[in-house]
Amino acid sequence: MSVYFILCDSVPEPLVKIGKAGNVKSRLSQIATSTPFEIKLIAEFSYLDEADLHKKFAHLRVKNEWFRFTDEISSFISVMNGAVDFIKVGTKEIKRTGEWKRLVRLEPRLMQLEKDIISEQVIRGKDKNYCATRRWFNEYNNRLDQLVGWFAKNSQIQTSKDYDVALEHLFDNLMPNCRHKGIFC
């Protein structure tokens with residue numbers, strides 16, 4: 001299942017439908033036949049949760065799965081697609097450095113890892129027992145180990161420095177803060 005963003009900008013106020021479907025192209029066709037306005041698919045993500053996005057953008061909801069298409073949603077899509085140099089995560093603005101961009105050029109799967117970690121803000125944002133350290137080691141650390149550093153298949157990014165750049169960007173800058181009261185962190 002994928003979460004999709006379908007834009008309808010031929011109405012007085014541009015709207016976006018945030019939904020989910022197993023076959024997004026088929027769903028787009030179904031919606032196109034039931035609306036008198038032009039629509040277009042502007043984004044599709046297989047790793048986001050529709051219900052979490054509906055909560056995140058609840059203040060923009062017009063009706064059901066239709067939301068006002070604002071700069072907030074547009075920016076969210078741009079960040080998730082990796083099309084911007086700065087990422088706003090909570091109240092922090094994170095710069096995608098030249099070193100990070102070089103790593104992504106050499107290993108494009110790093111962008112998917114970044115997207116997954118950014119989605120932690122949406123998925124885990126309100127969980128009072130959330131532990132970023134535990135989540136990192138259970139979910140992301142092994143993936144990073146295989147993409148950058150000593151175990152990377154690409155010999156151009158097998159250095160400790162490359163690994164440190166990726167670790168700083170992904171863990172230090174992007175992972176949400178722990179919210180639990182435990183000794184693990």
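Report, in listed order, any pair from LYS17/LYS128; LYS20/LYS115; LYS25/LYS55 with a Cα-Cα distance greater than 22 Å. From LYS17/LYS128; LYS20/LYS115; LYS25/LYS55, over 22 Å: LYS17/LYS128; LYS25/LYS55.
Among ARG134, ARG96, sorting on how many other beta-carbon atoms sit within 10 Å of each Cβ, with the fewest leading, yields ARG134, ARG96. Over the range 2-80, how many percent of alpha carbon pairs lie in each 5 Å bin up to the one with the longest distance? With a bin width of 5 Å, the distribution comes to 3, 16, 30, 28, 18, 5, 0. Residue-normalised convex hull volume from the C-alpha trace of the chain: 134 Å³ per residue. If I histogram all Cα-Cα distances within the range 97-174 using bins 5 Å wide from 0, what percent of pairs lands in each bin? All Cα pairs, binned at 5 Å, distribute as 3, 15, 28, 25, 14, 8, 4, 1, 0 percent.
Taking every C-alpha pair closer than 8 Å and separated by at least 6 residues, the mean separation divided by the residue count of the chain gives a relative contact order of 17 percent.
The numbers here are math on the coordinates, done by the rules we state, and not lab data. What you see is a predicted model; the values in this text were computed from it and never measured. So basically every Cβ, Gly included, is an ideal-geometry build from the backbone, and we count neighbours across all protein chains shown.
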